[in-house]
Amino acid sequence: MSLQSMLSIARSALFTHQRSMDVTAHNIANANTPGYSRQRLMLRPATPLVEPLYTLGRGVEASTLQRSRDTFYDASYRSDNGLLGRASTLRDYLSQVESSMNEPSDSAISSSLDNLFRSFSDLSGDPANHTNRELVSSAARRLVDQLHSLATALGRTHQEALDHLNVQVTDVNALTARIADLNTKIQASGGPAHSVPDLMDQRDLLVDQLSAQLNVRVLDRGDGSIGVLAGDTLLVDGARNTELAVTTVGAGYGIAPAGGGAPIDPQSGSIKALTEVTQVKLPALRARLDQLASSLVTEFNAVHSGGFTLSGATGVDFFDPSGTTAGTIKLSAQVSASSDNIAASANGAAGNGAIAAQLAAFASTGVASLGGRTLREHYVVLAADVGLDVRNSEHDIEAQQVLVDRSEQSREAVSGVNVDEEMISLITQQQAYQAASRLVNVADQMMQDLLQML
């Protein structure tokens, strides 16, 4: 081996081990950087010099810059993260509905129903008493106002979910655009042949964020770029991204490609929860609340119109028959004008309270249109179902948080930076660098000795 070859080998060792130390220092500097994956500079012997009688090594060289990443753990984390995002968003919106219902309390609809039935019971005992009549009118107005208030609250929650969905879709479009841009930059760097770990980490972090909003699958294109699928729609393919838009689905809202196409099932994530809230949860709650209002109007009017008011009039409705939803229910014009128009008597006699007693009996009488439940039972079951959905969502959050943490720990075991390990690697690389420096000194001394001999 010539002195020139020795110096060349020492030079390659110096440069290569210096670059290894740079990579290790980069790892230590990013030990707490979100989404960062540990990097390793992979070394290999340089291409040897082949002579007729022997082969001489030419030192060491860097082959690739490799990042520690496991796609299985990535997919597991993103799946769990999506389910956690759905449960959290679902809990938030159902909690709003639960708060609006305010059950159980003295100011809730169930309490107002009790007050209405109680006031009719009192009226049946003294049907000519104007105070009792005013109490009936007041209790009815209170119930109507609360039904209106709850219907308005459901409408407000529906609109908030729509607004939130629009924001989420805007965020998704921004994320997919950035992923496509990073695909372009990674391909421009040479793709997999010239690894760009930092850009790949940034891209994976964006996919992680995307997974909290909807279920996504990642396709490795083999050229350094990735594809991102949501349902059957390719959101990202190389340098291109498909923008999404909010669309009407049934009584609620969903998402679809902005350029046209069938709605996409998000499957999980916050967007799945928002579409579920607007398409299923809120319409079902509104329908059951409207069913209560409709039954209340129908059943009360059927009994009340057969009774007699204080003036002897009959055929008077208690509720306006045109308002059969929670948002439109109201007292009839006659009852609203005067409590004297409340029909309590079954035969026109001032002291007869049979009709008021029949109306009071709805407190314990099943209604056919409500499946045999009483008016109060129908509403209490409705409120209980909302509360149960909230509790189930909270339990789902607890369970999914455990799974997300476990998935993150598994990823961290593969990709995370252990500062102690990096320091050990740094010492090893430093010693290799120092040895290469000594090799340079030896070659230099040998060169000096040779020159002195000449």
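The values are calculated or read from the model by the stated rules, or taken from the named source; none is laboratory data. This structure is a prediction, so every number in the text was calculated from the model and none was measured. Cβ placement follows ideal geometry from the backbone for every residue including glycine, while neighbour counts extend to all protein chains displayed.
Observations on the model:
- Matching residues, the stretch 15-73, being over 29 Å from Val218 (Cβ atoms) and among the hydrophobic types (A, V, I, L, M, F, W, C): Phe15, Met21, Ala25, Leu43, Ala46, Leu49, Val50, Leu53, Leu56, Val60
- For the stretch 19-40, the tally of residues that are surrounded by fewer than 13 Cβ atoms within 10 Å (Cβ to Cβ), in contact (Cβ under 8 Å) with a residue 24 or more places away in the chain and part of a helix (DSSP H, G or I) stands at 0.
- The set of residues in the stretch 246-284 that are of a type in the set (Gly, Ala, Ser) and surrounded by fewer than 16 Cβ atoms within 10 Å (Cβ to Cβ) comprises Gly250, Ala251, Ala258, Gly259, Gly260, Gly261, Ala262, Ala284.
- Any hit, the stretch 211-223, residues being crowded, with 17+ Cβ neighbours inside 10 Å, outside any loop (DSSP other than H, G, I, E, B) and out of contact with any helix residue (DSSP H, G or I) (no Cβ under 8 Å at 6 or more places or on another chain): no
- For the stretch 306-327, the condition holds for at least one residue, the condition being that it is in contact (Cβ under 8 Å) with a residue 40 or more places away in the chain and surrounded by fewer than 16 Cβ atoms within 10 Å (Cβ to Cβ).
- So Phe15, is it of a type in the set (Phe, Trp, Tyr), closer than 30 Å to Leu450 by Cβ and surrounded by fewer than 17 Cβ atoms within 10 Å (Cβ to Cβ): yes
- Residue that is modelled with the lowest pLDDT, among those in the stretch 101-137 that are under 23 Å from Ala344 (Cα atoms) and of a type in the set (A, V, I, L, M): Ala128
- Enumeration of residues in the stretch 105-125 that are among the hydrophobic types (A, V, I, L, M, F, W, C) and touching a helix residue (DSSP H, G or I) at 6+ places or on another chain (Cβ under 6 Å): Ile109, Leu113, Leu116, Phe117, Phe120, Leu123
- Check on Thr184, part of a strand (DSSP E or B) and surrounded by fewer than 16 Cβ atoms within 10 Å (Cβ to Cβ): no
- Any pair with Cβ under 6 angstrom, 6 or more apart, that starts in the stretch 91-111 at a residue that is touching a residue at least 60 places away in the same chain (Cβ under 8 Å) and farther than 17 Å from Val380 by Cβ and ends at one that is in a loop (DSSP other than H, G, I, E, B) and small (Gly, Ala, Ser): none
- Single residue of Leu94, Leu43 found to be in the same structural domain as Gln279 (by TED's automatic domain parsing) and outside any loop (DSSP other than H, G, I, E, B): Leu94
- Unique residue being touching a helix residue (DSSP H, G or I) at 6+ places or on another chain (Cβ under 8 Å), of a type outside the set (Gly, Ala, Ser) and assigned to a helix (DSSP H, G or I) when the list is Gln267, Gln279, Gln291: Gln291
- The condition (being of a type outside the set (Lys, Arg), on the phi > 0 side of the Ramachandran plot and in contact with a helix residue (DSSP H, G or I) (Cβ under 7 Å, 6 or more places away or on another chain)) is satisfied by just one residue among Gly82, Gly59: Gly59.
- Flag if Asp405 is closer than 30 Å to Asp201 by Cβ, free of Cβ contacts under 8 Å to residues at least 24 places away in the same chain and of a type in the set (D, E, K, R): yes
- Residue check for Met453: in contact with a helix residue (DSSP H, G or I) (Cβ under 9 Å, 6 or more places away or on another chain) and either surrounded by fewer than 17 Cβ atoms within 10 Å (Cβ to Cβ) or assigned by TED's automatic domain parsing to the domain that holds Thr324 (or both): no
- Of all residues in the stretch 113-144, those satisfying the criterion of being acidic (Asp, Glu) and part of a helix (DSSP H, G or I) are Asp114, Asp122, Glu134.
- In the stretch 336-365, the residues that are within 15 Å of Gly306 (Cα to Cα) and without any contact (Cβ under 8 Å) to a residue 12 or more places away in the chain never reach a residue that is among the hydrophobic types (A, V, I, L, M, F, W, C) and assigned to a loop (DSSP other than H, G, I, E, B) with C-beta atoms less than 9 angstrom apart, at least six apart or across chains.
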